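Everything below concerns the one structure shown next.
The values are calculated or read from the model by the stated rules, or taken from the named source; none is laboratory data. Quick caveat: nothing in here was measured; it's all calculated off a predicted structure. In this analysis, Cβ positions are derived from the backbone assuming ideal geometry, glycine residues included, and neighbour counts consider all displayed protein chains.
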Amino acid sequence: MTQTTTLLANGTVVTRLAGGRVIARGAVAWTTERIVAVGPEEELAARFPAAARLDARGGVILPGFVNLHHHLYSALARGLDPGAPMRNFPEVLDRLWWRLDRALDAETVRISAALGAAESIRWGNTTIFDHHASPSAIDGSLDEIAAAIEEAGLSAVLCYEVTDRNGRRQARAGIEENLRFLEARRHHPRIRGVFGLHASFTLRDETLEEVARRRPAGAGCHVHLAEDPVDVTATEDAFGIRPVERLERFGLLDEGALLAHGIHLRPAEYETIARRGATVIHNPESNANNGVGRLDVPRVAGLGCRVGLGTDGMSSAVQRALQAAFLLHR
């Protein structure tokens with residue numbers, strides 16, 4: 001089947017090519033499936049004379065943004081009244097986010113994903129790493145999100161948050177949802193799965209052992225790590241070790257691991273993360289909103305860690321997170 005080519009022209013193209021090439025009067029050509037050419041407008045216009053044309057009107061043409069840590073269901077949090085001011089991070093979880101996620105059903109999961117996908121398109125995001133929780137509607141919840149993502153034409157890496165905060169039965173249901181989705185989407189061109197974990201302080205050893213035993217080879221884990229000191233202190237109190245050591249003990253700290261936040265760690269722990277090839281995800285707006293501190297990105301990167309950027313459900317605007325990160329580290 002012949003594919004239609006579209007040409008976006010009359011703009012300044014900022015590329016990720018070697019040397020950070022910028023094309024002052026550039027264009028991008030793509031088909032239904034992929035970008036096929038990037039270069040000067042005259043060159044691409046001659047190469048694709050029959051292409052449908054879009055006018056960038058002198059704007060900047062950028063590669064799509066990737067949101068490495070999102071909670072799409074957070075779109076439904078706008079306007080929620082948590083009551084009295086929340087005094088600390090555990091209260092933020094208990095009175096806002098856990099209150100919301102327990103209220104979700106299949107319909108609201110899909111609606112929130114569709115809204116988040118639309119907002120992501122508006123803000124120039126092409127790929128979303130979503131960390132989902134809906135304790136009252138676990139089975140098939142990732143399919144609801146995937147359907148909204150697919151309809152929007154985006155790419156995504158999805159997971160379900162395994163946690164023991166709602167009991168052992170729901171923890172096992174979360175494990176099964178991850179396993180089912182990982183297998184179902186194993187060969188999908190745009191939507192894949194990873195294994196979702198909430199955080200060390202809400203996970204029992206038995207649950208982590210089962211995840212370690214049943215996790216398919218090559219499937220990374222997406223987990224909140226040391227977002228607030230409570231993750232560290234509660235883990236030490238319950239298990240006698242710190243969260244990074246605990247993940248490493250269960251074999252969950254590897255090059256596929258996505259570690260959201262990673263604020264309250266020691267230099268040696270960042271060095272361990274770097275050695276294992278895991279990624280630390282900076283979420284500056286969320287950290288400021290929750291008053292949990294901030295990731296010292298220059299220091300962490302200097303210790304060898306790969307650092308990415310997420311919005312953590314504050315919005316779908318990676319550009320705002322990028323701006324916040326820039327200002328925080330001035």
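Residue count for the range 118-147, restricted to those that are without any contact (Cβ under 8 Å) to a residue 60 or more places away in the chain and small (Gly, Ala, Ser): 7. Within the range 148-169, the set of residues being more than 20 Å from residue 113 (Cβ to Cβ) and surrounded by fewer than 16 Cβ atoms within 10 Å (Cβ to Cβ) comprises 167, 168, 169. Please verify whether the range 310-323 includes one or more residues that are under 12 Å from the mean Cα position of the chain (by Cα), without any contact (Cβ under 8 Å) to a residue 60 or more places away in the chain and surrounded by 16 or more Cβ atoms within 10 Å (Cβ to Cβ). Checked the range 310-323: no residue is under 12 Å from the mean Cα position of the chain (by Cα), without any contact (Cβ under 8 Å) to a residue 60 or more places away in the chain and surrounded by 16 or more Cβ atoms within 10 Å (Cβ to Cβ).
Against the criterion of being among the basic types (Lys, Arg) and within 21 Å of residue 294 (Cα to Cα), residue 242 qualifies.
Which of the residues belonging to the range 38-65 are in a strand (DSSP E or B) and either of a type in the set (Ser, Thr, Tyr) or over 25 Å from residue 318 (Cα atoms) (or both)? Walk me through it before giving the result.
Taking the range 38-65 as the starting set, the residues that turn out to be in a strand (DSSP E or B) are 38-40, 52-55, 60-61, 65.
Selection gives 39, 40, 52, 53.
Taking the conditions (1) assigned to a loop (DSSP other than H, G, I, E, B); (2) of a type outside the set (Lys, Arg); (3) touching a strand residue (DSSP E or B) at 6+ places or on another chain (Cβ under 7 Å) in turn, residue 136 satisfies each one other than (3). All of (1) closer than 21 Å to residue 222 by Cβ; (2) in a helix (DSSP H, G or I) hold for residue 68 with one exception: (2).
Quick check on this structure: which one of 145, 121, 128 is of a type in the set (Val, Ile, Thr), outside any loop (DSSP other than H, G, I, E, B), modelled with pLDDT of 95 or more and more than 22 Å from residue 180 (Cβ to Cβ)?
Details: 145 fails: more than 22 Å from residue 180 (Cβ to Cβ); 128 fails: more than 22 Å from residue 180 (Cβ to Cβ).
Among 145, 121, 128, only 121 is of a type in the set (Val, Ile, Thr), outside any loop (DSSP other than H, G, I, E, B), modelled with pLDDT of 95 or more and more than 22 Å from residue 180 (Cβ to Cβ).
Scanning the range 251-279 for residues that are under 13 Å from residue 303 (Cα atoms) and in a strand (DSSP E or B) turns up just one, 279. Pairs linking a residue in the range 256-274 that is among the basic types (Lys, Arg) to a residue that is surrounded by fewer than 24 Cβ atoms within 10 Å (Cβ to Cβ), with Cβ atoms under 9 Å and 6 or more positions apart or on different chains, are 266/242. Each residue in the range 297-323 was checked for being over 20 Å from residue 253 (Cβ atoms) and not in a helix (DSSP H, G or I), and 8 pass.
Give me the residue from the range 89-132 that is buried (at least 22 other Cβ atoms within 10 Å of the Cβ) and of a type in the set (Asp, Glu) and, out of that set, nearest to residue 74 (Cα to Cα). In this case the residue turns out to be 101.
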